[in-house]
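Undergrad: One structure coming up, written as structure tokens, with questions to follow.
The values are calculated or read from the model by the stated rules, or taken from the named source; none is laboratory data. Computed from a prediction, not measured in an experiment: that's the story for all the values here. Virtual Cβ from ideal backbone geometry, glycine too; neighbours counted across all protein chains shown.
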């Protein structure tokens with residue numbers, strides 16, 4: 001079959017995880033590059049990229065429910081919060097200021113955070129199966145406000161608004177990852193762990209997406225009534241979509257704050273949800289690689305605006321003056337969301353498709 | 001008892017603000033089948049315009065000018081960001097309005113700056129007594145304004161040519177087009193009306209208080225209101241607004257007897273009520289049950 005990249009001789013090879021050689025090669029190269037990165041970059045970039053990896057896990061989860069299954073969720077900040085506090089509770093210091101059980105092993109608190117968030121996702125799902133589209137969006141938005149209230153008021157667990165608490169501790173197989181050791185720095189270890197976790201979560205999501213479950217999601221997104229008629233159990237698959245997506249969000253929430261080293265109830269606001277929606281939409285809804293690209297793009301955006309600030313002398317770097325970079329950043333969010341949706345609805349993934357098609361068909365334009 | 005009556009009147013005042021905001025959402029939804037998340041930004045823009053214009057024009061003059069300018073802003077947003085998206089999924093357009101909201105709100109908040117700004121309304125926190133009950137003048141003012149506006153709107157939809165066109169377009173866009181209704185101008189008028197209503201609502205919400213950037217959260221409370229009333233029901237928006245306003249104030253009044261719920265539980269009451277109502281009636285109290293075809 002050499003030289004015929006689009007010729008498939010079996011259903012299995014068409015549905016394969018990486019159905020072309022170039023995909024296999026690119027992913028392989030990217031993984032190698034990712035594993036080698038900590039040796040080449042400064043620490044501050046590494047912790048930023050580690051944050052990107054975690055954000056990508058969350059975005060993939062949201063992409064599964066919003067991009068694949070077509071169920072809009074503005075409530076992911078709530079599931080992030082559930083994950084963050086479950087993990088912080090399990091691994092917290094039993095004698096500390098806030099509640100904790102002292103199980104510091106990551107292999108324990110990470111799945112637990114995901115599972116508790118999954119449980120809440122399943123609890124919310126009955127609403128999701130009854131509602132559609134914008135009704136669902138507003139209901140999940142309500143979830144964020146209710147969650148914020150509970151997180152803000154439950155002082156024993158969360159430390160309260162403006163005070164916060166320490167997040168989960170990063171111990172893996174008994175190794176402490178959050179301190180700089182003799183051979184590797186904290187940020188190098190953090191990046192490796194987060195990168196490997198991203199790989200695991202992304203591969204799992206890709207496998208879900210190409211399985212029966214994923215096809216059911218797509219059918220529901222494209223037309224739920226039609227899906228119901230051809231035998232897709234709507235209630236069950238919508239619940240599954242919310243459950244998986246909440247699991248991802250819970251894990252991402254648990255990991256995200258270990259990098260910052262601090263959890264504050266105010267973080268789980270509508271803004272967080274909007275950021276993740278923006279990642280999914282700007283990256284390209286309904287694709288795993290798009291969600292990852294979107295997560296990296298949105299997470300790197302603040303750093304990018306800060307780096308280009310010296311080129312724009314009319315924009316101040318001080319928060320107290322009025323065209324400042326923080327305002328520019330917020331406006332950029334808004335403008336990017338609007339721009340992508342109007343001009344390239346398939347997001348960054350769509351831009352890549354355009355480039356690919358151009359070179360594939362070169363020198364013809366069709 | 002006196003306390004309860006007082007909180008109900010405060011609640012009606014607050015509810016009137018919600019009702020005006022919710023009407024804006026519903027008018028846009030009926031015309032375009034989209035929820036505009038840009039309403040908070042329009043509300044904030046209206047208030048800030050009033051705080052700037054109130055010095056040269058006086059309160060009512062500033063209010064009128066702010067309504068006109070905010071309506072113009074809404075028109076611009078409709079033309080620039082929403083019209084190109086006609087025919088695309090409602091969710092995508094909703095997210096676009098979310099983007100508009102973020103961008104506009106940053107600009108408007110920059111104009112609030114660090115000074116304390118006021119709308120300089122004629123009522124402030126002055127009160128009067130009816131028997132044992134003390135009532136704040138600003139609450140009466142907002143209830144009266146909302147009543148006049150709601151009556152005017154209902155009359156508009158009932159008796160004018162454009163109102164009829166808007167009702168027709170919301171019922172069936174293609175049929176309305178075939179009858180010669182300019183659906184484009186229906187969209188434009190809807191957005192302008194929603195912008196104007198948001199400006200009025202914001203100004204009255206700020207009466208007697210300082211204006212700050214967090215006021216946009218008031219406009220978000222109109223979202224559970226419209227879900228409660230039903231997305232496509234004007235009456236539902238008004239009643240839903242009043243119900244939520246009264247509930248919020250009553251809960252705020254009695255929440256110190258329920259300390260286990262935590263402070264400020266009144267802030268999330270609308271969302272809790274919304275969740276409960278939706279479990280029983282998925283299309284709100286007055287919304288029409290959607291007929292679905294494949």
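Undergrad: Looking at A:292, A:338, A:331, A:325, which is the one that is within 14 Å of chain B (Cβ to nearest Cβ), farther than 22 Å from residue B:88 by Cβ, crowded, with 17+ Cβ neighbours inside 10 Å and within 23 Å of the chain's Cα centre (by Cα)? So that I can check it myself, show each step before the final result.
TA: On the way: A:292 fails: within 14 Å of chain B (Cβ to nearest Cβ); A:338 fails: farther than 22 Å from residue B:88 by Cβ; A:325 fails: within 23 Å of the chain's Cα centre (by Cα).
Within the list A:292, A:338, A:331, A:325, the selection yields A:331.
Undergrad: Residues in region B:49-63: is at least one within 16 Å of residue A:334 (Cα to Cα) and at pLDDT below 90? It would help to see each step written out before you state the result.
TA: Going residue by residue through region B:49-63, those that are within 16 Å of residue A:334 (Cα to Cα) are none.
No, region B:49-63 contains no residue that is within 16 Å of residue A:334 (Cα to Cα) and at pLDDT below 90.
Undergrad: What number goes with the only condition from (1) in a helix (DSSP H, G or I); (2) over 19 Å from the mean Cα position of the chain (by Cα); (3) in contact (Cβ under 8 Å) with a residue 12 or more places away in the chain that residue A:64 does not pass?
TA: Every condition holds for residue A:64 apart from (2).
Undergrad: Can you tell me how many residues within region B:102-124 are under 16 Å from residue A:324 (Cα atoms) and either within 9 Å of chain A (Cβ to nearest Cβ) or touching a strand residue (DSSP E or B) at 6+ places or on another chain (Cβ under 9 Å) (or both)?
TA: First, the residues of region B:102-124 that are under 16 Å from residue A:324 (Cα atoms): B:102-114.
Those still in the list that are either within 9 Å of chain A (Cβ to nearest Cβ) or touching a strand residue (DSSP E or B) at 6+ places or on another chain (Cβ under 9 Å) (or both) too: B:102-107, B:109-114.
Residues that pass the stated criteria total 12.
Undergrad: Which members of region A:154-177 meet the condition of being in a loop (DSSP other than H, G, I, E, B), under 22 Å from residue A:58 (Cβ atoms) and in contact with a helix residue (DSSP H, G or I) (Cβ under 6 Å, 6 or more places away or on another chain)?
TA: Step one: of region A:154-177, the residues in a loop (DSSP other than H, G, I, E, B) are A:154, A:159-164, A:166-170, A:173-174, A:177.
Add one more test, that the residue is under 22 Å from residue A:58 (Cβ atoms), and what stays is A:164, A:166-170, A:177.
Of everything in region A:154-177, those that are in a loop (DSSP other than H, G, I, E, B), under 22 Å from residue A:58 (Cβ atoms) and in contact with a helix residue (DSSP H, G or I) (Cβ under 6 Å, 6 or more places away or on another chain) turn out to be A:167, A:168, A:169, A:170, A:177.
Undergrad: Just one of B:44, B:69 is crowded, with 24+ Cβ neighbours inside 10 Å and part of a helix (DSSP H, G or I); which is it? Steps first, answer last, please.
TA: Working: B:69 fails: crowded, with 24+ Cβ neighbours inside 10 Å.
After ruling out the rest, the residue left standing is B:44.
Undergrad: So is residue B:161 within 27 Å of residue B:76 (Cα to Cα) and out of contact with any helix residue (DSSP H, G or I) (no Cβ under 9 Å at 6 or more places or on another chain) or not?
TA: Working: within 27 Å of residue B:76 (Cα to Cα): yes; out of contact with any helix residue (DSSP H, G or I) (no Cβ under 9 Å at 6 or more places or on another chain): yes.
So residue B:161 passes the test.
Undergrad: Residue check: is residue B:81 within 12 Å of another protein chain (Cβ to nearest Cβ), farther than 16 Å from residue B:36 by Cβ and out of contact with any strand residue (DSSP E or B) (no Cβ under 8 Å at 6 or more places or on another chain)?
TA: Details: within 12 Å of another protein chain (Cβ to nearest Cβ): yes; farther than 16 Å from residue B:36 by Cβ: no; out of contact with any strand residue (DSSP E or B) (no Cβ under 8 Å at 6 or more places or on another chain): yes.
Criteria not met by residue B:81.
Undergrad: When you scan region A:126-142, how many residues do you find that are under 20 Å from the mean Cα position of the chain (by Cα) and either farther than 22 Å from residue B:95 by Cα or facing another protein chain (nearest Cβ under 8 Å) (or both)?
TA: Residues meeting the conditions: 2.
Undergrad: Out of all the residues in region B:84-101, which are facing chain A (nearest Cβ under 7 Å) and either more than 21 Å from residue A:66 (Cα to Cα) or touching a residue at least 60 places away in the same chain (Cβ under 8 Å) (or both)?
TA: The first filter runs over region B:84-101 and keeps only residues facing chain A (nearest Cβ under 7 Å), leaving B:84-85, B:90-92, B:94-96, B:98-100.
Those that are facing chain A (nearest Cβ under 7 Å) and either more than 21 Å from residue A:66 (Cα to Cα) or touching a residue at least 60 places away in the same chain (Cβ under 8 Å) (or both): B:84, B:94, B:98, B:100.
Undergrad: Please state which of the following conditions residue A:113 fails to meet, knowing it meets all the rest: (1) touching a residue at least 24 places away in the same chain (Cβ under 8 Å); (2) within 14 Å of another protein chain (Cβ to nearest Cβ); (3) out of contact with any strand residue (DSSP E or B) (no Cβ under 9 Å at 6 or more places or on another chain).
TA: Of (1) touching a residue at least 24 places away in the same chain (Cβ under 8 Å); (2) within 14 Å of another protein chain (Cβ to nearest Cβ); (3) out of contact with any strand residue (DSSP E or B) (no Cβ under 9 Å at 6 or more places or on another chain), only one is false for residue A:113: (2).
Undergrad: What tally of residues in region B:208-220 results from selecting those that are buried (at least 24 other Cβ atoms within 10 Å of the Cβ) and over 17 Å from residue B:104 (Cβ atoms)?
TA: Of the residues in region B:208-220, the ones buried (at least 24 other Cβ atoms within 10 Å of the Cβ) are B:219.
Then drop every residue that is not over 17 Å from residue B:104 (Cβ atoms), which leaves none.
Here the count works out to 0.
Undergrad: Follow-up question, since we're still on this one. How about region B:61-77: which of its residues are closer than 12 Å to residue B:39 by Cα and within 14 Å of chain A (Cβ to nearest Cβ)?
TA: Let us first name the residues in region B:61-77 that are closer than 12 Å to residue B:39 by Cα, namely B:70-71, B:73-74, B:77.
Result: B:77, single match.
Undergrad: Which condition does residue B:34 not pass, out of (1) touching a helix residue (DSSP H, G or I) at 6+ places or on another chain (Cβ under 6 Å); (2) farther than 30 Å from residue B:253 by Cβ; (3) in a helix (DSSP H, G or I), if it passes all the others?
TA: (3)
Undergrad: How many of the residues in region B:264-287 are within 7 Å of chain A (Cβ to nearest Cβ) and part of a loop (DSSP other than H, G, I, E, B)?
TA: Counting residues in region B:264-287 that are within 7 Å of chain A (Cβ to nearest Cβ) and part of a loop (DSSP other than H, G, I, E, B) gives 2.
Undergrad: Out of A:70, A:58, A:81, which single residue is crowded, with 22+ Cβ neighbours inside 10 Å, within 17 Å of the chain's Cα centre (by Cα) and within 11 Å of another protein chain (Cβ to nearest Cβ)? I'd like the intermediate steps shown before the answer.
TA: Details: A:58 fails: within 11 Å of another protein chain (Cβ to nearest Cβ); A:81 fails: within 11 Å of another protein chain (Cβ to nearest Cβ).
After applying the criteria, what remains is A:70.
Undergrad: A further question on this structure: Quick test of your reading of the structure: residue B:124 fulfils all but one of (1) farther than 20 Å from residue B:216 by Cβ; (2) more than 22 Å from the chain's Cα centre (by Cα); (3) part of a loop (DSSP other than H, G, I, E, B). Name the failing condition by number.
TA: (2)
Undergrad: Tally up the residues in region A:163-214 that are closer than 30 Å to residue A:99 by Cβ and modelled with pLDDT under 75, please.
TA: 8
Undergrad: If residue A:106 passes every condition in (1) in contact with a helix residue (DSSP H, G or I) (Cβ under 7 Å, 6 or more places away or on another chain); (2) surrounded by 18 or more Cβ atoms within 10 Å (Cβ to Cβ) but one, which one does it miss?
TA: (1)
Undergrad: Here's another thing I want to ask about it. Evaluate the following for residue A:92: is it in contact with a strand residue (DSSP E or B) (Cβ under 8 Å, 6 or more places away or on another chain) and either modelled with pLDDT under 90 or surrounded by fewer than 24 Cβ atoms within 10 Å (Cβ to Cβ) (or both)? Give the derivation first.
TA: Values: in contact with a strand residue (DSSP E or B) (Cβ under 8 Å, 6 or more places away or on another chain): yes; either modelled with pLDDT under 90 or surrounded by fewer than 24 Cβ atoms within 10 Å (Cβ to Cβ) (or both): yes.
Yes.
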